[in-house]
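Single-structure report; data block below.
The values are calculated or read from the model by the stated rules, or taken from the named source; none is laboratory data. Keep in mind that this is a model prediction, so the values were computed, not measured. Methodologically, a virtual Cβ is constructed for each residue, glycine included, from the backbone with ideal geometry; neighbour enumeration extends over all protein chains shown.
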Amino acid sequence: MIEQTHLGGNFTLPGTAMTLNRVGYGAMQLAGRDGNKLVWGPPRDVEAATSVLREGVASGVNHIDTADFYGPHVTNQIIRKALSPYPDDLVIVTKVSVRRGEDGSWIPAFSREELTAAIHDNLRNLGRDALDVVNLRSMFSIHEPKEGSIEAPLRILAELQQKGLVRHIGLSNVTRTQIAEARAIVPIVCVQNHYNLAHRADDGLIDDLARDGIAYVPFFPLGGFNPLQSTKLSDVAARLGATPMQVALAWLLQRSPNVLVIPGTSSVEHLRENLESSTLQLSPEVIAALEGIAGEA
C-alpha cells in the first residue's frame, strides 16, 4: 500500500529535472460553455478562475495541464494572467494536434503548419520562451485510443524540440503500439489517457510504464463531462467521512507511484477538497470494495 502524503508525494519525469507533486490541476474547466459548445469561450467569472489557479499554486500545486485549444486560447491566457511571472518549480504541460471548428468541434490538426502554429500559440498565450512538456494527442478517434501511425507529427514535434521551443515530449490518447513507435523516435516523459475507477482499460499499461519510470496522467480522473456515479463509491466515501470524488482521487494515487492526477475545477472549495484527497489513506479492504466499480454499467 502506497503511503499517502501531502499532494501525494512527488514524481520526477524521466530524463528531466522536473519533480512534480502528484496532485496537479487540469485547466480545461477554466474555459466557458456557449450553448452546445463545450470548453468554449471565457468563463462567467474570470477573477474566480484566477483565484482557483493562485490558490492551487499557493497550496503546493506545481503541475498544471492545459491546451491552447481550450477556449480556444482562453485557459492559457487566464493561466498567464493569474500566475505570471511563474514560480521556478511550476511545470505547465500542454497538448497539440487539435484545432476547434466554429461549431465547437474538435478537429485533428497534424500537419507541419498546424503543429508549428499550435506551439507558437501556446508560447504566446502562456508567455513562455519554451514549453515545459508538450503532449502529442492522437486523433484517429476523438474519444479513445485508436491505432494509426503517429510518426510524422511526432517527428515534427521533435524538430521543434531541437529548435528549443519544446523541452520535453509526452503522448495523449494513445495505444501501446503508438507509445512504442514514439519511444523509438524521441524520449517520452508521460502518457495521458482516459482512466479512472470506472474506466480501467489501461491497467496493464500503467504497470509497464511504471517499470520504465514514465509518468501516467489519467484525464477525466473523476469522469469528465459525466462525473463518476456509483453506490459502492458513495458508500465507501460515507464510511470514511470523505466525498466520493476524494475517494476516487485517493484510489488513483494509491494505484501506482507513477500516476499523477490532474482534477479540474472552477471552484476554490472543490479545489481544496481535491487537494485534501492526497492525505486520504485507503485500506486494502476499502480498495477491494472499490474494485467492482469498473464492472458496473
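Structure data summary
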| quantity | calculated |
| --- | --- |
| Any hit, region 141-164, residues being of a type outside the set (A, V, I, L, M), surrounded by 14 or more Cβ atoms within 10 Å (Cβ to Cβ), touching a residue at least 60 places away in the same chain (Cβ under 8 Å) and under 17 Å from PHE69 (Cβ atoms) | no |
| Qualifying residue in region 114-122 (condition: closer than 14 Å to ALA27 by Cβ, touching a residue at least 24 places away in the same chain (Cβ under 8 Å), touching a Phe, Trp or Tyr at 6+ places or on another chain (Cβ under 9 Å) and not small (Gly, Ala, Ser)) | no |
| Enumeration of residues in region 123-138 that are surrounded by fewer than 21 Cβ atoms within 10 Å (Cβ to Cβ) and part of a helix (DSSP H, G or I) | LEU123, ARG124 |
| Which numbered condition VAL46 fails, given (1) aliphatic (A, V, I, L, M); (2) surrounded by fewer than 20 Cβ atoms within 10 Å (Cβ to Cβ); (3) within 21 Å of PHE11 (Cα to Cα) | (3) |
| Residue check, ILE206 out of contact with any Phe, Trp or Tyr (no Cβ under 8 Å at 6 or more places or on another chain) and modelled with pLDDT of 95 or more | no |
| Top-ranked residue in region 243-288 [being out of contact with any helix residue (DSSP H, G or I) (no Cβ under 6 Å at 6 or more places or on another chain), part of a helix (DSSP H, G or I) and small (Gly, Ala, Ser); ranked as nearest to VAL46 (Cα to Cα)] | ALA248 |
| Residue within region 48-64 that is under 30 Å from LEU154 (Cβ atoms), of a type in the set (D, E, K, R) and either in contact (Cβ under 8 Å) with a residue 24 or more places away in the chain or out of contact with any Pro (no Cβ under 9 Å at 6 or more places or on another chain) (or both) present | no |
| Candidates ALA215, ALA198, filtered to the one that is crowded, with 23+ Cβ neighbours inside 10 Å and closer than 20 Å to ASN173 by Cα | ALA215 |
| Pair list, Cβ under 7 Å, 6 or more apart: region 234-262 residue over 13 Å from LEU282 (Cα atoms) and in contact (Cβ under 8 Å) with a residue 40 or more places away in the chain, other residue among the β-branched types (Val, Ile, Thr) and outside any helix (DSSP H, G or I) | PRO257/ILE2; ASN258/ILE214; LEU260/VAL217; VAL261/VAL23; ILE262/VAL217 |
| Residue within region 246-257 that is closer than 20 Å to VAL134 by Cα, of a type outside the set (Gly, Ala, Ser) and under 15 Å from the mean Cα position of the chain (by Cα) present | no |
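Condition check ((1) out of contact with any Asp or Glu (no Cβ under 8 Å at 6 or more places or on another chain); (2) within 30 Å of THR231 (Cβ to Cβ); (3) in contact (Cβ under 8 Å) with a residue 40 or more places away in the chain; (4) among the acidic types (Asp, Glu)) across all residues:
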position	(1), (2), (3), (4)
ILE169	yes, no, no, no
SER172	yes, no, yes, no
THR175	no, no, no, no
ALA180	yes, no, no, no
ALA184	yes, no, no, no
VAL189	yes, no, yes, no
ASN193	no, yes, yes, no
ASN196	yes, yes, yes, no
HIS199	yes, yes, yes, no
